[in-house]
Amino acid sequence: MAETDGGATASTPGTPQEAETPAAPAPRAADPCPRSLLIGSCVAASCVGVEYGLIYPTIYPYLRELGTHPTVLAGVAAAAFSLAKTAAFVPLGALADRYGPRRPAVIAFLIAALGNVYYFAASRPLDVVIARATVGLGSSVTGGLLGVVG
């Protein structure tokens, strides 16, 4: 065996080297569901859960306190929430496709929060229905977020 400078052996052309240098790792693709979006979605979903734990159990006595027949108006308010939520699914989904899920989600949750504040500040039965529709518009973004998180 012939010695070379420094004690290393020279490789001859055409023979593979015993220890090849590893290739650099490929850059990671952007995470489609960043942790902040996941945490924000969970917090927002729990805030939307207020609808079923706080609003619906109290809407009947609240409407009675406002001086109206609560049976019919509670149903109208629940329907206003559902209709507004259903009507806003497609436009908010299109906005999420165009701008990403974060901006429409933040705007929609602010709308839902304002709707809940409006609900608690309502002085007329019509205000309750409008507030429930406003919250429905804001909470319609949950469908788009479930597509990102899921």
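The values are calculated or read from the model by the stated rules, or taken from the named source; none is laboratory data. Just so we're clear, the structure is a prediction, and the values are computed from it rather than from any experiment. Every residue, glycine among them, receives a Cβ derived from its backbone with ideal geometry; neighbour counts consider all protein chains shown. We work out accessible area using only protein heavy atoms, side chains counted, and drop any ligands, DNA or RNA first. Shrake-Rupley method; radii C 1.70, N 1.55, O 1.52, S 1.80 Å.
So, of the residues in the range 101-115 that are touching a Leu at 6+ places or on another chain (Cβ under 9 Å) and of a type outside the set (Lys, Arg), which turns out to be farthest from residue 64 (Cα to Cα)?
101
Does residue 126 satisfy being modelled with pLDDT of 90 or more and on the phi < 0 side of the Ramachandran plot?
Considered against the rule, which asks whether it is modelled with pLDDT of 90 or more and on the phi < 0 side of the Ramachandran plot, residue 126 comes out as yes.
For every residue, the table says whether it meets (1) of a type outside the set (D, E, K, R); (2) free of Cβ contacts under 8 Å to residues at least 60 places away in the same chain.
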residue: 78; (1), (2): yes, yes
residue: 85; (1), (2): no, yes
residue: 88; (1), (2): yes, yes
residue: 93; (1), (2): yes, yes
residue: 97; (1), (2): no, yes
residue: 112; (1), (2): yes, no
residue: 115; (1), (2): yes, yes
residue: 120; (1), (2): yes, yes
residue: 137; (1), (2): yes, yes
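In the set 21, 15, 58, 4, which member is of a type in the set (S, T, N, Q) and either at pLDDT 85 or above or within 27 Å of the chain's Cα centre (by Cα) (or both)?
58
Can you find, within the range 58-72, the residue that is nearest to residue 121 (Cα to Cα) among those that are open to solvent by 30 Å² or more (accessible area, probe 1.4 Å) and of a type in the set (A, V, I, L, M)?
66
Which ones in the range 82-105 are more than 21 Å from residue 130 (Cα to Cα) and exposed (fewer than 14 other Cβ atoms within 10 Å of the Cβ)?
Hits for the range 82-105 are 94, 97, 98, 99, 100, 103.
Are there helices (runs of 4 or more DSSP H) fully within the range 52-150 with at least 1 residues that are under 28 Å from residue 35 (Cα atoms)? List them.
In the range 52-150, 70-99, 102-120, 125-139, 142-149 are the helices (runs of 4 or more DSSP H) which contain 1 or more residues that are under 28 Å from residue 35 (Cα atoms).
Of the conditions (1) modelled with pLDDT under 90; (2) hydroxyl-bearing (Ser, Thr, Tyr); (3) within 17 Å of residue 58 (Cβ to Cβ), residue 140 satisfies every one except a single condition; which number is it?
(3)
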